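Student: Following this message is one structure expressed as structure tokens.
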Amino acid sequence: MCYGTEVLATLFQNRLCGIGITPFGVYPGSPWDNAHNERFDATLRREVLNAEWFATTRQVQALMNQ
């Protein structure tokens, strides 16, 4: 089956609500809404992803799983 992103997002949000988690959105262009995650992403990119040349996503996955 092929679901669109809206359908998958709705299913995922319903699942979260079903286990007691209230999801909230972070709007594009407002990184201050989720500063901890933005910091992690920036550090990961700077210290890992930009430090090496990757030809495939499998190479990135292998490095991240070490």
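Student: For the chain, what does -39500 (n - 2.57) per DSSP helix run (n ≥ 4), summed and divided by total residues, give at 222 nm, in deg cm²/dmol to the nearest 500?
Tutor: Helices in the chain give a 222 nm mean residue ellipticity of -14500 deg cm²/dmol.
Student: Moving on. Assigning unit charges at the beta carbon (Lys, Arg +1; Asp, Glu -1) and nothing else, what dipole magnitude in debye, to the nearest 20, does the chain show about its Cα centre?
Tutor: 140 debye
Student: Separate question: Given a Förster radius of 25 Å and the C-beta distance between Phe12 and Trp53 as r, what FRET efficiency does 1/(1 + (r/R0)^6) yield to the nearest 0.05?
Tutor: Once rounded, the FRET efficiency stands at 0.15.
Student: Determine how many Å³ per residue the convex hull of the Cα atoms of the chain encloses.
Tutor: Dividing the Cα hull volume of the chain by its residues yields 178 Å³.
Student: Along the charge dipole of the chain, Cβ charges K/R +1 and D/E -1, which of Gln66, Val26, Ala9 sits furthest on the positive end?
Tutor: Gln66
Laboratory data are not the source of any read-out in this text; all were calculated from the coordinates shown. What you see is a predicted model, and the numbers here were worked out from it, not measured in a lab. In this analysis, Cβ positions are derived from the backbone assuming ideal geometry, glycine residues included, and neighbour counts consider all displayed protein chains.
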